There are 2 protein chains.
Amino acid sequence: MSNSLKLKSENLCFNGTVAYYSHFSSVCNCEMNFAVYLPPQAKSQSVPILYYLSGLTCTEENFTVKAGAQRYAAEYGIMLVAPDTSPRNTGIAEEDEAWDLGTGAGFYVDATVEPWKKHYQMYSYVTQELPQLINANFPVLANKQSIFGHSMGGHGALICALKNPDKYLSVSAFAPITAPINCPWGEKAFTTYLGQDKKQWQQYDASELIKKTQLDYPILIDQGMADTFYEQKQLLPETFQSACQEVGQALNLRFQPGYDHSYFTISTFMEDHIKHHAVVLCS
Amino acid sequence: MSNSLKLKSENLCFNGTVAYYSHFSSVCNCEMNFAVYLPPQAKSQSVPILYYLSGLTCTEENFTVKAGAQRYAAEYGIMLVAPDTSPRNTGIAEEDEAWDLGTGAGFYVDATVEPWKKHYQMYSYVTQELPQLINANFPVLANKQSIFGHSMGGHGALICALKNPDKYLSVSAFAPITAPINCPWGEKAFTTYLGQDKKQWQQYDASELIKKTQLDYPILIDQGMADTFYEQKQLLPETFQSACQEVGQALNLRFQPGYDHSYFTISTFMEDHIKHHAVVLCS
């Protein structure tokens, strides 16, 4: 294992291993945290990898303790990797001023604006540096990786997949922000990290990206109908749905009556999502 | 629903409902908190009840968000009830001085010593007041209830079952404190809540109680072998095992290699425990 990886804790779970790590990230220029689940199959063979990107305010821990994903990852033999949602303790003065910006809110973009750009390079971190680290240090099938996420992390998963159709074999999301250039959270984050030029924003907007690149596999999205952020038009799944229809992108958008934005919803549909990825990762 | 029950939050989960409540407890003489899971079956029929008692430092939330129990409760049609682990904000000066005493550490006994006895009546709360409240306010089969728990709550589950063989139909525990009169945690708590007379302690010690009352059903216990509190002799499952053997009590004590004291262990074996209870609750 690389010297740069620091193991912070390790627990047995469903006969596999939950582990938390930190390491110095060269693209984010600071210490970064992530959690993994290595399924029992990894003791004797290389396994596929499923990345999970979390939502606003989360760390790598929320998914790890609340989603109930380990059971299914153990069943199918898939490694789970859950990065933190942003750099932390960077020294940027504004980093802790708002809950939806800075710490816990990296938005999976590469910032181009001062003072953020020195550290907030989450897109490159998630799509390049972290996979290199995982591939170098764990018994994985580097050519078998997929990605999913929740809310801001659902946005992250969609743009990572759409910008890298050869890198990820499947994508899914729970209540994703699907049109960040047209919702308050996205407008605030993109103005801060990318500046005023809205043309620059489009490269990180799933509903824009889908117009240029279609995926040759279906996208799965679950959206709770009692989700207050859906009601507040932060998520805009219909915008993404229309864009997919226009270009003929296969999308399985499931509206779930009564379900909200919480991990109680995520845990309920986790099995469906892991199965969605297992079909391609484990074939 | 009783006016005394205050609904704090409600989320759909596996087609049932997770809900947090508070209410004024007459036995604890203060506001108390608990969480429930009502399975989907409860919409059309009365369901059995499974109580879960948590360990030191926990609230009703730990089990609710980390154990992954809702999936199985939904499958079998069982209501889950998870009380808080102690009174809170009672005004007792010492209540927050130590993590293993007072707040978060009620130890499921009825305190007889000042200043605790006015509020710390967790045994009566868990076995009498809370079940009355549940039976009066939810669509349950009052004669079909069982109990399980973790660590301090495993101790709680065992003593509740042993002191009330007609009230609970089954019992199980994860890493329970099985001989509190002989471990540091128990000695400290019982001295504080019950006083110096060790005779009084025996009524809350599972390894003592089993000598007087045997259960006509088998007890299930899972104990991780990498559990630091097991290594520190806080749990003493062998003491309970010997006592069970002496009196012919059926005990399924499973030592789980590599598993620790965490919810990662609990979630791994949750399905087995819910099945253990479902066999009798759903027959």
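Tell me whether segment A:184-247 comes out rounded, prolate or oblate; compute the Cα gyration tensor, take square roots of the eigenvalues as a ≥ b ≥ c, and use a/c under 1.5 as the rounded threshold. Oblate is the answer for segment A:184-247, as a/c is 1.5 or above yet b/c matches or exceeds a/b. Database remark: amide H of residue A:13 closer than 5 angstrom to the amide H of A:18 (H placed geometrically; neighbours at sequence offset of 5 or more, or on other chains; Pro and chain starts carry no H). Every helix of 4 or more DSSP H residues in chain A counts as -39500 (n - 2.57), and over all residues that averages to -9000 deg cm²/dmol at 222 nm. Relative to the other identical copies, residue A:44 shows label-point distances of 4.4 nm, where the label point lies 7 Å from Cα along the Cβ direction and values run shortest first. Centroid-to-centroid, using Cα positions, segment B:206-283 and segment A:84-139 are 44 Å apart.
Interface of B with A. Using a 1.4 Å probe and counting protein heavy atoms only, the two chains hide about 1800 Å² of accessible surface, both sides summed.
For the options A:233, A:199, A:118, a Gaussian network treatment of chain A with springs between C-alpha atoms closer than 10 Å singles out A:199 as fluctuating the most.
Rounded to the nearest 0.05, what FRET efficiency do residue A:225 and residue B:216 give with R0 = 51 Å and r taken as the Cβ-Cβ distance? Could you check? The formula returns an efficiency of 0.60 here.
Within segment A:129-162, name every residue whose backbone N is under 18 Å away from a label modeled 7 Å from Cα of residue A:246 along the Cβ vector. Inside the label zone: A:159, A:162. Quick one: if the Förster radius is 22 Å, what FRET efficiency do residue B:114 and residue B:57 give, using the C-beta to C-beta distance and rounding to 0.05? Computed FRET efficiency for residue B:114 and residue B:57 comes out at 0.35.
Think of a 1.4 Å ball rolled over the protein heavy atoms: the protein assembly as shown then has 37 Å² of accessible area per residue. Look at the alpha carbon pairs under 8 Å that are at least 6 residues apart: their mean separation over the length of segment B:6-281 gives a relative contact order of 17 percent.
Using θ = phi - 60° in the Karplus curve 6.51 cos²θ - 1.76 cosθ + 1.60, the 3J(HN,Hα) couplings for segment A:81-86 round to 10, 10, x, 5, 8, 5 Hz; x is entered for Gly and Pro.
For chain A, the fraction of 1.4 Å probe accessible surface lying on carbon and sulfur atoms is 48 percent. Dipole check for segment A:145-231: with +1 at the C-beta of Lys and Arg, -1 at the C-beta of Asp and Glu, and the Cα centre as origin, the magnitude is about 300 Debye.
Here the spin labels are modelled as points 7 Å beyond Cα on the Cα-Cβ line, and at residue A:188 and residue B:43 they lie 3.5 nm apart. Cross-link reach is defined here as a Cα-Cα straight distance under 23 Å, omitting same-chain residues fewer than 8 places apart; for residue A:43 the lysines meeting it are A:6, A:8, A:144, A:275. Electrostatic tally near residue B:53: other residues with Cβ closer than 13 Å to its Cβ, Lys and Arg +1, Asp and Glu -1, net -2.
Note on A:64-74: average number of Cβ atoms from other chains within 10 Å of each residue's Cβ is 3.
For the rotation that carries chain A onto chain B, the axis lies closest to a Cβ at A:68, 2, where the number is the distance in whole Å.
For the peptides A:35-41, A:96-102, B:51-57, B:190-196, residues were scored by their other Cβ atoms within 10 Å and the scores averaged per peptide; the highest-first order is B:51-57, A:35-41, B:190-196, A:96-102.
Heavy-atom accessible surface, probe 1.4 Å, ligands and DNA/RNA ignored: which residues of segment A:1-32 lose at least 20 Å² versus the isolated chain? The answer is A:11, A:12, A:13, A:14 - residues whose exposure falls by at least 20 Å² when every protein chain is included. Extension gain, residue B:196 to residue B:238: 0.36 nm times the residue separation minus the Cα-Cα distance gives 12.6 nm. Taking amide H as placed 1.01 Å from N in the peptide plane, residue B:30 has its amide H under 5 Å from the amide H of B:25, each at least 5 places away in sequence or on another chain.
Using C-alpha pairs below 8 Å separated by at least 6 residues, the relative contact order for segment A:54-137 is 26 percent.
Per-residue Karplus couplings for segment B:32-46, computed as 6.51 cos²θ - 1.76 cosθ + 1.60 with θ equal to phi - 60°, are listed in order as 10, 10, 8, 10, 10, 10, 9, x, x, 4, 5, 5, 10, 7, 7 Hz, Gly and Pro entered as x. Using θ = phi - 60° in the Karplus curve 6.51 cos²θ - 1.76 cosθ + 1.60, the 3J(HN,Hα) couplings for segment A:263-271 round to 5, 5, 6, 4, 5, 5, 9, 4, 4 Hz; x is entered for Gly and Pro. Using a simple spin-label model with pseudo-atoms 7 Å out from Cα toward Cβ, residue A:29 and residue B:272 lie 5.1 nm apart.
Near the amide H of residue A:221, within less than 5 Å, lie the amide hydrogens of A:173, A:252, A:253, A:254, all on another chain or at least 5 residues away, with H placed in the peptide plane. Fully extending the segment from residue B:9 to residue B:124 would add 38.8 nm, taking 0.36 nm per residue of separation and subtracting the current Cα-Cα distance.
The values are calculated or read from the model by the stated rules, or taken from the named source; none is laboratory data. Quick caveat, the model's predicted, so the values are computed rather than measured. Note that each Cβ is placed from the backbone with ideal geometry, even for glycine, and that neighbours are counted across all protein chains shown. What goes into the accessible areas is simple: the full protein's heavy atoms, side chains included, and nothing from ligands, DNA or RNA. Shrake-Rupley method; radii C 1.70, N 1.55, O 1.52, S 1.80 Å.
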